[in-house]
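**Q** Provided herewith is a single structure, encoded as structure tokens, for subsequent inquiry.
The values are calculated or read from the model by the stated rules, or taken from the named source; none is laboratory data. These numbers come from a predicted model, not from an experiment. With ideal geometry, Cβ positions are generated from the backbone for all residues, glycine too; neighbour counts draw on all protein chains shown. The accessibility values were calculated without ligands, DNA or RNA, using every heavy atom of the protein model including side chains. Shrake-Rupley method; radii C 1.70, N 1.55, O 1.52, S 1.80 Å.
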Amino acid sequence: MTTTEVKSEQKAAKPVTQLGDRIFAGSAKGAGIAILVVLAGVASFLLIEAFPAVTAPESELPGGLVAYVGPLIFGTLLGAVIALVVATPAAVAVALFISHYAPRRLSQGLSYIVDLLAAVPSIVYGLWGAWTLAPLSVPLSNWLTDNLGWIPLFAGPASTTGRTMMVVGLVLAVMILPIITAVAREVFLQTPSLHEEAALALGATRWEMIRMAVLPFGRSGIISGAMLGLGRALGETMAVAMILSVSGAVTFNLISSENPGTIAANIALQFPEASGITVNVLIASGLVLFVITLLVNMLARYIVERRRDFSGAN
Amino acid sequence: MTGTGLEAPASTTPAVLRRKGSLPRWAPLGILAATAVVMAGVAAATGSGVGLWAFLTAVVYAVATYTTSRVVEGARKAADRLVTVIVTGAFVLAMVPLVSVLWTVIAQGWERFDVTFFTNSMRGIVGEGGGALHAIQGTLIITGLAAAMSIPVGVLTAIYLVEYGSNSKLSRAITFFVDVMTGIPSIVAGLFAYALFTLLLGPGVRFGFVGAVALTVLMIPIVVRSTEEMLKIVPNELREAAFALGVPKWRTILKVVIPTTAGGIATGITLAIARVIGETAPLLVTVGLATGVNLNPFDSRMATLPVFSYYSYATPGVPRDPFLDRAWTAALVLMLIVMILNVVARLISRYFSPKTR
């Protein structure tokens, strides 16, 4: 609505119904302000509860907060990055399949099916990962360490239970795939059809048309979708808590039984039995996680906004 | 777009001008069938499993298609065919975990999907038997409370943003912070609710309402986003027509704007509920687990389906099997609830969505 409309409307409506309008507008505004208050609350309460951990004496928290959170940050990033590396190419391909390869009539139904993947609760992914995928991964891990052991990622010795960072990364990849796919699909569908038809008219094959018209147009969409997926993977708790066998080691070795924990999973595992300063330390680590995901998400929004400025689609 | 436009000129061009031929329509399927059969022979000979067979078939099929097409049709069409194989393969690959998850949960959860599971709690249960009545009730109560808090706030905020905000400083701030809220990890929302009630009531608080507050933090941004999108697609002509008839703004919103898009808003709300009902981490932190029925969300711990499933799996008693069975059945029930909510949301949007798109 433009400002002139609002002004003229207010002038006209003022004498007639002041009370109803004021109550309604006030409650709508109040709800909006309530959200801001809640968010300010989130930040300040977490800060208050986390503060004791920062100032804790050496005797209560050996090594200090940084030594406690450091390996967890490493594990969180490692798992999320594996998920991102696996999921992004697959998600782009799935989005392309839905938008440009599948028959038009099927594509709506197919995107519902992919969205179903996003609807599965994380506890179910946790059970599935620990029960089905982890045992399945053992032969693969053995093969990887036998044949590709010279790569530090697969140095081994392979875990016999399969509760490894690799499995966590794969499960996280499955969880973020639908998010990236949804964003990429939307952007691919917005490709100006004139660009596509022009490419085809010049004799391009379907793949050449996609490479010349669709992918350049959708690049920022892919990036921001991947960022949103990364944000989700960083904060994922239960799947990691149920699958990963944690030793606290800081290592890039993805298939051994020595794994770094992640912030979110560590909170879920430790918090129910925690008391005293441990509670504050865990809340402080949660705050760190919040800041990391916030940065990632804001980067994603920034990329989307920038695309809006430059593209002629809107 | 389908590629037929490219094949047609090739077939009408005189044979002299055609430098390369084209593969017959049945060629991709033929190659696929041949590859599958050959690989089945190889797999049988080496004694490898279905997974390896499918993987080898896919790889060999991609290579075979590319080579054949390269020889017959040339490099550009070969690349096109190769990408088609890869893209289709990626889609099939993405379906594998979905099917596997559904299959595992149904197969494992079916064992205890019986009347006892829905009519008994875990009070006094040591080994077999018992059920998740208390957990189902807890999930419904806590999610209901969260919905009761977040739906009014979320919908009103969206109304403010679309109808009253008109790009003011406040509305831009709200939009930004709703975006921020969307990215809050669920466990951090749980920690927030815990920290809030710790400051109010002292350390160690665990009861249903704390969990509901945590879920509210997660649910509000989803409701705001979807409602906002829906309100935005209501055409301005409807509002202007109402104003022209002298209808005050609040009645215009209540009687014209919202009824027009009620289906869309309901869809968004249903999806938001489906999203938070499966949340485990915040409830693990704030509500804990109880063995018996507790219908009072303001007093002591409460069981919920996801947390019940988690603890049954992570800390089983002796013997283990009854606990694992209950964990799977709880997961199955939870997934059924989520799926039903999703289907309901689709149905609402199909039958009640505004016809103005």
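**Q** Say the dipole of the protein assembly as shown comes from +1 at the beta carbon of Lys and Arg and -1 at that of Asp and Glu; which of A:Trp150, B:Val205, B:Pro248 then lies farthest toward its positive end?
**A** B:Pro248
**Q** If we count every other residue with Cβ under 14 angstrom of B:Phe197's Cβ, Lys/Arg +1 and Asp/Glu -1, where does the sum land?
**A** Details: positive: B:Arg206, B:Arg301; negative: A:Glu49, B:Asp299.
So the environment of B:Phe197 carries a net charge of 0.
**Q** Find, among the chymotrypsin sites (Phe, Trp or Tyr not before Pro) in segment A:205-257, those assigned to loop by DSSP (not H, G, I, E, B) with at most 16 other beta-carbon atoms within 10 angstrom.
**A** On the way: sites: A:Trp207, A:Phe217, A:Phe252; in loops: A:Phe252.
Here the chymotrypsin sites (Phe, Trp or Tyr not before Pro) that fit, given the DSSP loop and packing criteria, are A:Phe252.
**Q** Charges on Cβ only, +1 for Lys and Arg, -1 for Asp and Glu, centred on the Cα centroid of chain A; of A:Pro192, A:Gly75, A:Gly169, which one is farthest towards the dipole's positive end?
**A** Result: A:Pro192.
**Q** If you don't mind, there's one more thing I want to ask. Near B:Pro306, within a Cβ-to-Cβ distance under 15 Å, what is the net charge of the other residues, with Lys and Arg +1 and Asp and Glu -1? Don't skip to the answer; put the middle values down first.
**A** Numbers: positive: B:Arg275, B:Arg301, B:Arg326; negative: A:Glu236, B:Glu279.
Net of charged neighbours comes to +1.
**Q** Next question. How much length is gained on full extension from B:Phe298 to B:Ile233, taking 0.36 nm per residue of separation minus their Cα-Cα distance? Please report the intermediate quantities before stating the final value.
**A** Details: separation 65, 0.36 × 65 = 23.40 nm, distance 4.03 nm.
Taking 0.36 nm per residue and subtracting the Cα distance, the gain is 19.4 nm.
**Q** Could you state the principal axis extents of the C-alpha atoms in segment B:119-352, from the largest down, to the nearest angstrom?
**A** 72, 42, 27
**Q** Within 10 Å of each Cβ in peptide B:171-181, how many partner chain Cβ atoms are there on average? Round it to a whole number, please. Present the calculation step by step, with values, prior to reporting the outcome.
**A** Numbers: counts 2, 0, 4, 8, 1, 3, 6, 4, 5, 9, 4.
The mean count of partner-chain Cβ atoms within 10 Å per residue comes to 4.
**Q** Counting pairs of alpha carbon atoms under 8 Å apart in space and at least six apart in sequence, what relative contact order in percent does chain A give?
**A** Working: 392 pairs, mean separation 84.9, N = 314.
Dividing the mean separation by the residue count of chain A yields 27 percent.
**Q** Would you please give the FRET efficiency between B:Val92 and A:Leu194, computed as 1/(1 + (r/R0)^6) with r the Cβ-Cβ distance and R0 = 30 Å, to the nearest 0.05?
**A** Values: r = 32 Å, r/R0 = 1.06.
It comes to 0.40.
**Q** Give me the net charge of A:Val240's neighbourhood, meaning all other residues with Cβ under 13 Å from the Cβ of A:Val240; Lys, Arg count +1, Asp, Glu -1. Mind dumping the intermediate values first?
**A** Working: positive: A:Arg163, A:Arg232; negative: A:Glu236.
After counting each charged neighbour, the total is +1.
**Q** If you average 1/r across every pair of different Cα atoms in the protein assembly as shown and take the reciprocal, what Kirkwood value do you get, in Å?
**A** On the way: mean 1/r = 0.0365 Å⁻¹.
Final number for the Kirkwood radius of the protein assembly as shown is 27.4 Å.
**Q** Which trypsin sites (Lys or Arg not before Pro) from segment B:277-338 combine a DSSP loop assignment with at most 12 other Cβ atoms within 10 Å? Write down the numbers at each step before the final one.
**A** On the way: sites: B:Arg301, B:Arg320, B:Arg326; in loops: B:Arg301, B:Arg320.
Qualifying residues, ordered by number: B:Arg320.
**Q** At what distance in angstrom do the alpha carbon centres of segment A:65-116 and segment A:161-213 lie from each other?
**A** Taking the Cα centre of each part, segment A:65-116 and segment A:161-213 sit 10 Å apart.
**Q** Could I ask something else about it? Using the crude model of +1 on Lys and Arg Cβ and -1 on Asp and Glu Cβ, and no other charge, please compute the dipole size for chain B relative to its Cα centre, in debye to 20. Don't jump to the answer; show the numbers that get you there.
**A** Working: 27 positive and 16 negative charges, 224 e Å.
Dipole of chain B, to the nearest 20 debye: 1080 debye.
**Q** Mind checking which of B:Ala132, B:Ala90, B:Ala193 has the largest fluctuation in a GNM of chain B, springs on alpha carbons under 10 Å?
**A** Residue with maximal mean-square fluctuation among B:Ala132, B:Ala90, B:Ala193: B:Ala90.
**Q** Where the centroid of each part is defined by its Cα atoms, how far is segment A:19-33 from segment B:165-216 in Å?
**A** Taking the Cα centre of segment B:165-216 as reference, the centre of segment A:19-33 is 22 Å away.
**Q** Return an integer: the convex hull volume of the alpha-carbon atoms of chain A, in Å³ per residue.
**A** Dividing the Cα hull volume of chain A by its residue count gives 213 Å³.
**Q** Of the heavy-atom accessible surface of the protein assembly as shown (probe 1.4 angstrom), what whole percent is carbon and sulfur? Don't skip to the answer; put the middle values down first.
**A** Details: 20500 of 30290 Å².
Carbon plus sulfur share of accessible area: 68 percent.
**Q** Counting only heavy atoms of the protein chains, get the accessible area per residue of the protein assembly as shown (1.4 Å probe) and round it to a whole Å² value. Could you put the intermediate results ahead of the total?
**A** Details: 30290 Å² over 671 residues.
On a per-residue basis, the protein assembly as shown sits at 45 Å².
**Q** If you don't mind, there's one more thing I want to ask. Based on the inverse mean of 1/r over its pairs of different Cα atoms, what is the Kirkwood hydrodynamic radius of segment B:19-108, in Å?
**A** Details: mean 1/r = 0.0686 Å⁻¹.
Final number for the Kirkwood radius of segment B:19-108 is 14.6 Å.
**Q** For chain B, which span is the longest to avoid every loop-located (per DSSP) member of chymotrypsin sites (Phe, Trp or Tyr not before Pro) having at most 16 other Cβ atoms inside 10 Å? Before the final figure, lay out each step's value.
**A** On the way: sites that count: B:Trp26, B:Phe113, B:Phe298.
Here the longest segment lacking exposed loop sites spans B:114-297.
**Q** Could I ask something else about it? Run the simple label-point estimate for A:Glu273 and B:Leu201 please: 7 Å along Cα→C-beta, distance reported in nm.
**A** 2.5 nm
**Q** So, one more: For chain B, what are the DSSP H helices with axial Cα length of 18 Å or more and mean Kyte-Doolittle hydropathy of at least 0.5?
**A** B:27-46, B:50-73, B:75-109, B:133-159, B:169-182, B:186-201, B:208-232, B:258-277, B:321-352
**Q** Comparing B:Leu201, B:Leu170, B:Leu82, which has the greatest mean-square fluctuation in the GNM of chain B with Cα pairs linked when under 10 Å apart?
**A** Result: B:Leu82 has the largest fluctuation of those listed.
**Q** Where the only charges are on Cβ atoms (+1 Lys, Arg; -1 Asp, Glu), what is the dipole of the protein assembly as shown about its Cα centre, to the nearest 20 debye? Please report the intermediate quantities before stating the final value.
**A** Numbers: 44 positive and 33 negative charges, 415 e Å.
Charge dipole of the protein assembly as shown: 2000 debye, to the nearest 20.
**Q** Taking accessible area as the heavy-atom solvent-accessible surface of the protein chains with a 1.4 Å probe, which residues of segment A:78-95 lose no less than 20 Å² upon going from the isolated chain to the full protein assembly?
**A** When all protein chains are present, A:Ala93, A:Val94 each give up 20 Å² or more of accessible surface.
**Q** Leaving out ligands, DNA and RNA, calculate the buried accessible area for the pair B and A with a 1.4 Å probe, summed over both sides, in Å² to the nearest 100.
**A** Values: alone 20260 and 17780 Å², together 30290 Å².
Interface area, both chains combined: 7700 Å², rounded to the nearest 100.
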